[in-house]
Amino acid sequence: MLLGKVVGSVWATQKETGMENLKLMIVQPIDCFGNSSGQTVIAVDRIGAGVGERVIVSRGNPARMLFPQKVVPIDAIIVGIVDSLEVGEP
Amino acid sequence: MLLGKVVGSVWATQKETGMENLKLMIVQPIDCFGNSSGQTVIAVDRIGAGVGERVIVSRGNPARMLFPQKVVPIDAIIVGIVDSLEVGEP
Amino acid sequence: MLLGKVVGSVWATQKETGMENLKLMIVQPIDCFGNSSGQTVIAVDRIGAGVGERVIVSRGNPARMLFPQKVVPIDAIIVGIVDSLEVGEP
Amino acid sequence: MLLGKVVGSVWATQKETGMENLKLMIVQPIDCFGNSSGQTVIAVDRIGAGVGERVIVSRGNPARMLFPQKVVPIDAIIVGIVDSLEVGEP
Amino acid sequence: MLLGKVVGSVWATQKETGMENLKLMIVQPIDCFGNSSGQTVIAVDRIGAGVGERVIVSRGNPARMLFPQKVVPIDAIIVGIVDSLEVGEP
């Protein structure tokens, strides 16, 4: 998964089959020190992530698997909101 | 998904099985401020995206899932045309 | 998909199951202006792409789906040879 | 797979279906000389990897396959803890 | 697939289910001129690739498909050892 920070949200009315009723957040990947690192990701959010929060984003087929009943052509979803992270070398 | 801007379109007459009758757009990935970021993507468009529009592109297997009846060997499709995006830190 | 230019071909006699009788081309990803951009890709070609031609390459599982009868462990295939591309901002 | 070094761990209480009871480690990809290289990855750990250890991380669908009984929307898992690596040119 | 050069091998005794008895090589991606390009990859080898050899590596789900009978959580495998490559512009 990638570590990211929610920086905004995005709206689209014209969309593909299966994209209805999805909350789409803009996530900026970060490293463990909070520095931006890599390309912006648009991720589905179903767990209430807000702008400014650090999140864990899962990509690819695993993201799609959360919608087993229908075709939902997404490739990224927020799977956790970070409470805390501990960085250190023993 | 990635956030991108449609910059053009591409035509191919010689192609693989399953690539018939697909509209292929050239999409330049951008960050949330509209700056180019990352490698050009060729994405299928079925929702009428035009040059200059900002779009959301889904990649990999999820893109292919939109064509359940047949083999369509694509790995990127435009899943939404952006109406607006809101960027901000609370 | 990625936009690329065929720059050469590669031969391998020692190979994995399912890799027999595949024509493997070396593709350099390019942006819409023809500039090199990103890492070299080895892609299967079944549609007669030649050195110097611009091609569209599909990657990941969708590429493998073109060989439904058997295990073919490839992750990239040329799905179109570019006739023309139109780049412009409206 | 990628070669990485475990640099920390991350906690999330608010999370998606299937993310319960997973130990999530922060992994920094490295090259074979131990230099950082590429974007931070959050990977599931089930084999007891500790901070400072070098690990092998598998990504994408293969990672998810380790949980065949249920939907676990992960895209990265630590599949090995490195004992030693040998680098050399013959 | 990616073009790479085998630079070493890696050992792990503590590992995930399905990772037993796999020979893991360290592969440095290269471009068609042999220059290093991109992040180190750990790939399974079943065809006898040695240090210093140029190889073709397949990634993602296709790699896993070579082990249809069991769960093998790998995402990269060497699918060919390069005999020769021809680079040229017509």
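The values are calculated or read from the model by the stated rules, or taken from the named source; none is laboratory data. Since the structure is predicted, the reported quantities are computational estimates derived from the model, not experimental observations. Here the Cβ positions follow ideal geometry from the backbone for every residue, glycine too, while neighbour counts run over all protein chains shown. Side chains are part of the model used for accessible areas, which takes the heavy atoms of the whole protein and leaves out ligands, DNA and RNA. Shrake-Rupley method; radii C 1.70, N 1.55, O 1.52, S 1.80 Å.
For the reader, a short list of remarks on this structure follows.
- Of all residues in the stretch E:34-53, those satisfying the criterion of being small (Gly, Ala, Ser) and under 18 Å from D:SER58 (Cα atoms) are E:GLY38, E:ALA43.
- Of the residues in the stretch C:28-50, none is crowded, with 21+ Cβ neighbours inside 10 Å, on the phi > 0 side of the Ramachandran plot and either part of a strand (DSSP E or B) or without any contact (Cβ under 8 Å) to a residue 60 or more places away in the chain (or both).
- Taken over the stretch A:51-62, the criterion of being of a type in the set (A, V, I, L, M) and without any contact (Cβ under 8 Å) to a residue 40 or more places away in the chain is satisfied by no residue.
- Subset of the stretch E:4-26 (residues that are open to solvent by less than 20 Å² (accessible area, probe 1.4 Å) and in a loop (DSSP other than H, G, I, E, B)): E:GLU16, E:GLY18, E:MET19
- Here B:GLN69 clears all of (1) farther than 18 Å from A:LYS15 by Cα; (2) within 12 Å of chain C (Cβ to nearest Cβ) except the condition numbered (2).
- Looking only at residues of the stretch E:81-90 that are free of Cβ contacts under 8 Å to residues at least 12 places away in the same chain and of a type outside the set (S, T, N, Q), we find that the one that is surrounded by the fewest Cβ atoms within 10 Å (Cβ to Cβ) is E:PRO90.
- Counted residues, the stretch A:1-46 - those being within 7 Å of chain B (Cβ to nearest Cβ) and of a type in the set (D, E, K, R): 2
- All positions within the stretch E:57-69 that are open to solvent by 10 Å² or more (accessible area, probe 1.4 Å) and not in a loop (DSSP other than H, G, I, E, B): E:ARG59, E:ASN61, E:ARG64
- The set of residues from the stretch C:70-80 being open to solvent by 10 Å² or more (accessible area, probe 1.4 Å) and either assigned to a strand (DSSP E or B) or hydroxyl-bearing (Ser, Thr, Tyr) (or both) is empty.
- Condition check for C:ARG54: facing chain B (nearest Cβ under 9 Å), open to solvent by 30 Å² or more (accessible area, probe 1.4 Å) and over 16 Å from B:MET19 (Cα atoms): yes
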